[in-house]
1. So which of 20, 115, 106 is away from the ligand (no atom under 11 Å from the Cβ), within 22 Å of residue 212 (Cβ to Cβ) and surrounded by fewer than 18 Cβ atoms within 10 Å (Cβ to Cβ)?
2. Select from segment 47-59 the residues that are within 11 Å of the ligand (Cβ to nearest atom) and either free of Cβ contacts under 8 Å to residues at least 12 places away in the same chain or out of contact with any strand residue (DSSP E or B) (no Cβ under 8 Å at 6 or more places or on another chain) (or both) and list them in ascending order.
3. Only one of (1) away from the ligand (no atom under 16 Å from the Cβ); (2) within 27 Å of residue 200 (Cβ to Cβ); (3) at pLDDT 95 or above; (4) surrounded by fewer than 17 Cβ atoms within 10 Å (Cβ to Cβ) is not met by residue 62, so which one is it?
4. Please state which of the following conditions residue 83 fails to meet, knowing it meets all the rest: (1) in contact with a helix residue (DSSP H, G or I) (Cβ under 8 Å, 6 or more places away or on another chain); (2) more than 10 Å from the ligand (Cβ to nearest atom).
5. If you check residue 94 against the conditions, is it buried (at least 21 other Cβ atoms within 10 Å of the Cβ), assigned by TED's automatic domain parsing to the domain that holds residue 163 and part of a helix (DSSP H, G or I)?
6. Here is a list: 7, 33, 44. Which entry is assigned to a loop (DSSP other than H, G, I, E, B), more than 8 Å from the ligand (Cβ to nearest atom) and within 18 Å of residue 159 (Cβ to Cβ)?
7. What residue, of 76, 125, is in a loop (DSSP other than H, G, I, E, B) and at pLDDT 95 or above?
Ligand SMILES: N[C@@H](CCC(=O)N[C@@H](CS)C(=O)NCC(=O)O)C(=O)O
């Protein structure tokens, strides 16, 4: 397999972490998103990450993670019961739609672009609503939904990693303080060997991007 994307992308980091956690043979190829027709044939929206499999190309992180879990059930990242699996997916969806979605609107801050007053005013309450929903779904025992680390931990962690950088830049706001237990869980996940490996490149890419936007 080959995984295409760039370390700056939190979605790429989620997918890379999953591949490494499962111990799968995979080449990581640095590639930027693009609207080039050749790339659109592999990723219909021109986004990264993209996974190249023996059957063809796959984009959209949740679809890629599902494919990896179903194809390589060793070192499982989803629980066994259908209901527990659905709860993991529910949490991933809440993060994607109601936290990542609004926070991602602030991405211009990383590129030194001005953000509109309306965006600044509307984003914070939207994110607070998403954080409150997340708070109703997590247990921190010690992972988000129980004793076993799941895809939800991976997705939520990297979403907050970039998201918190953005809200800190824009509002001086630490999202991890909004849900009791979230900051301690974040530190626990950040200490994992695989996370450290993925974060090295991600943090460097974020700092380089910020330097360029200020330069
Ligand atoms: N819904 C997509 C989102 C992926 C995404 O937004 N990737 C960004 C990089 S973090 C990208 O490719 N952006 C380029 C674009 O939006 O054209 C997924 O789940 O994979």
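The values are calculated or read from the model by the stated rules, or taken from the named source; none is laboratory data. Note that the structure is predicted; figures quoted are calculated from it, not measured. Heads up, the Cβs are rebuilt from the backbone with ideal geometry, glycines too, and the neighbour counts pull from every protein chain shown.
1. Details: 20 fails: within 22 Å of residue 212 (Cβ to Cβ); 106 fails: surrounded by fewer than 18 Cβ atoms within 10 Å (Cβ to Cβ).
Checking each option against the conditions leaves just 115.
2. Scanning segment 47-59 gives a single hit, 58.
3. Condition not satisfied by residue 62: (1).
4. Among (1) in contact with a helix residue (DSSP H, G or I) (Cβ under 8 Å, 6 or more places away or on another chain); (2) more than 10 Å from the ligand (Cβ to nearest atom), residue 83 violates only (1).
5. Values: buried (at least 21 other Cβ atoms within 10 Å of the Cβ): no; assigned by TED's automatic domain parsing to the domain that holds residue 163: yes; part of a helix (DSSP H, G or I): yes.
For residue 94, the condition - buried (at least 21 other Cβ atoms within 10 Å of the Cβ), assigned by TED's automatic domain parsing to the domain that holds residue 163 and part of a helix (DSSP H, G or I) - is not met.
6. None of the others qualify; the one that does is 7.
7. Details: 125 fails: in a loop (DSSP other than H, G, I, E, B).
Just a single option satisfies the conditions, and that option is 76.
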